[in-house]
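Have a look at the structure below, then the notes.
The values are calculated or read from the model by the stated rules, or taken from the named source; none is laboratory data. No experiment lies behind these values; they were computed from the predicted model shown. Virtual Cβ from ideal backbone geometry, glycine too; neighbours counted across all protein chains shown.
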C-alpha cells in the first residue's frame, strides 16, 4: 500500500486549488434543509465560474424542499485512497482525500437556452466528446443552478 507523503490536514481557499478538486470529482452531495431535518443526496453535476449546475425531474422531494428553503451546501470529494501505516494495526488505517464544501442558494432554471448551456457545461465534466440533446429531453428536465457564496477546500494526507 502507498505510504502518506504528509499527515497534515490542509485547509485552503484559493480559487485554483478548489476548482481542481471540483473538476476531479465525479459526484457531489447536495445538502438541503427540510424543515428541521437535513436532507442530502448524491448528484452528478456541471461546474463553471463558481456556479454548480445540477439537473433533475421537475417534480420530487428535493424540488419541494428547495421551494421552501433554497440554501444548500454542496460537498465534493476527490483523490480518495485507503492506506495503512502498519496494516496489522487498525488505528493506523487512513483515507487520503481532497474535498470542497461550497455554500450557496439554489435557483431553478427552466429557460430552454439556459438549460441547454448548463447541460453542455454539465457534460464537459464527464466527456471530452461533443454531445447533443433532443428538445423533448431538455424540455422535460429542470436545471438547478447554485451560485457559490463561499467555499473551503481541504486535503488530508496529501
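Assorted remarks:
- Residue within region 77-91 that is outside any helix (DSSP H, G or I), without any contact (Cβ under 8 Å) to a residue 12 or more places away in the chain and either closer than 14 Å to residue 151 by Cα or within 19 Å of the chain's Cα centre (by Cα) (or both) present: no
- Taken together, the residues in region 44-70 that are over 17 Å from residue 118 (Cα atoms) and touching a strand residue (DSSP E or B) at 6+ places or on another chain (Cβ under 6 Å) amount to 4.
- The number of residues in region 33-57 that are touching a helix residue (DSSP H, G or I) at 6+ places or on another chain (Cβ under 9 Å) and over 21 Å from residue 147 (Cβ atoms) comes to 3.
- Looking only at region 106-124, residues that are more than 26 Å from residue 79 (Cβ to Cβ) and under 14 Å from the mean Cα position of the chain (by Cα) come to 1 in all.
- Those strands (runs of 3 or more DSSP E) lying entirely in region 22-68 with at least 3 residues within 17 Å of residue 127 (Cα to Cα): 46-48, 51-56
- Checklist (1) loosely packed, with under 14 Cβ neighbours inside 10 Å; (2) assigned to a strand (DSSP E or B) applied to residue 16, failing item: (2)
- Residue within region 126-143 that is in a strand (DSSP E or B), closer than 21 Å to residue 15 by Cα and at pLDDT 95 or above present: no
- Leading residue by the ranking (farthest from residue 139 (Cα to Cα)) among those in region 58-98 that are touching a helix residue (DSSP H, G or I) at 6+ places or on another chain (Cβ under 7 Å) and surrounded by 15 or more Cβ atoms within 10 Å (Cβ to Cβ): 84
- From the list 127, 132, the lone residue that is under 18 Å from the mean Cα position of the chain (by Cα), loosely packed, with under 13 Cβ neighbours inside 10 Å, over 18 Å from residue 49 (Cα atoms) and without any contact (Cβ under 8 Å) to a residue 24 or more places away in the chain is 127.
- When each of 113, 81 is tested for being touching a strand residue (DSSP E or B) at 6+ places or on another chain (Cβ under 9 Å) and either over 17 Å from residue 28 (Cβ atoms) or modelled with pLDDT under 95 (or both), the lone residue that passes is 81.
- Some residue of region 54-66 being closer than 20 Å to residue 152 by Cβ and more than 10 Å from the chain's Cα centre (by Cα): no
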